[in-house]
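Derivation of every value follows stated rules applied to the coordinates shown; laboratory data play no part. The structure displayed is predicted, hence computed values, not measured ones. Note that each Cβ is placed from the backbone with ideal geometry, even for glycine, and that neighbours are counted across all protein chains shown.
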Amino acid sequence: MPESCCQHHGASLPPDVDHLFNNNRAWAAKMVEKDPEFFTRLKKTHAPEFLWIGCSDARVPANELIGLAPGEVFVHRNIANQVLAADMNCQSVVEYAVEVLKVKHIVVMGHYDCGGVTAAIHGGAPDMVDHWVRPIRKLFFRHRDEMAGLDRKAQINRLAEMNVVEQVKNLAHLPSVRRAWEKEQFLMIHGWVYGVNDGLIKDLGVSVECVATAEALFHEG
Ligand code: CO
C-alpha cells in the first residue's frame, strides 16, 4: 500500500470519528453519576421485555423514541423493517428473543417517509436493496385499487402502514411464536408507525397475543 494512501492510518482517527469517543466517555460518566450501579446491574442481566423490529433509517432509533434505557430493548433493524422467512439474521433475533429472553412484546416499527417503501414503489435503489424491498412492491400491487386513489406521498405512507401489518402477520406465523403461544407464554406482537415529521408513534391496532386473535385479525390460519 503506498504511504500516501490516506492520512489517518494506524493510531489516529479523524476528528469526525474521534469525537464519538469523547461523547461516549461523557455519556458513561453521566450514567454513573445518575446511577452508580447502572453498569454493574447491566453486566449481570440481559432481560429486555421488548423486541423492536424497525427500519435502519437513522431518524428512527429504538430506545430514544420510547424512552427506554440500555438493557430494556432487544433490537433488530433492516431496510423497511421486514420479517422475511429467508432472512437468517432476523429469524435468529426473533427466535432468541422469544425462546431465550422470553420478551413480552414484539414491536414492528415502521415509519412514514420510508426510503425503502418509496423504492418499492418507484425503484431507483441499488440492486440488492431493490431485491430486498420486492415483497413490499408485491404488497403495493396487491392493493393497487386502493393505491390508485392516493397521491404519491399518501401512497408511500399508506404502504408503510400496510407493510407493518404484513410483518405482524409474518411474525404471527413463525414457528417460534406459535410454540410460545401454544405453551401459553405471554407474547404480544404490535404494529406501530413513527412520524419522522412530528416524533409521534401511531398504533395501527393490530396487536395479537394468541393464535385466535391472529386468525381473527388476519382472517386466516
Ligand atoms: Co425506512
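Sequence neighbours fewer than 8 away in the same chain don't count; with that in mind, list the lysines whose C-alpha is under 20 Å from Lys153.
Partners found: Lys138, Lys202.
On average, how much area does the Cα convex hull of the stretch 123-195 cover when viewed from any direction, in nm²?
6.5
Go from 0 up to the bin containing the longest alpha carbon distance in the stretch 75-221, width 10 Å each, and give me the % of pairs per bin.
11, 40, 35, 12, 1
How big is the charge dipole of the stretch 25-107 about its Cα centre, in debye rounded to the nearest 20, if each Lys and Arg gets +1 on its Cβ and each Asp and Glu gets -1 on its Cβ?
Values: 10 positive and 10 negative charges, 53 e Å.
Magnitude of the dipole: close to 260 debye.
Rounded to the nearest 0.05, what FRET efficiency is calculated for Ser12 and Asn197 with R0 set to 45 Å and r the Cβ-Cβ distance?
0.70
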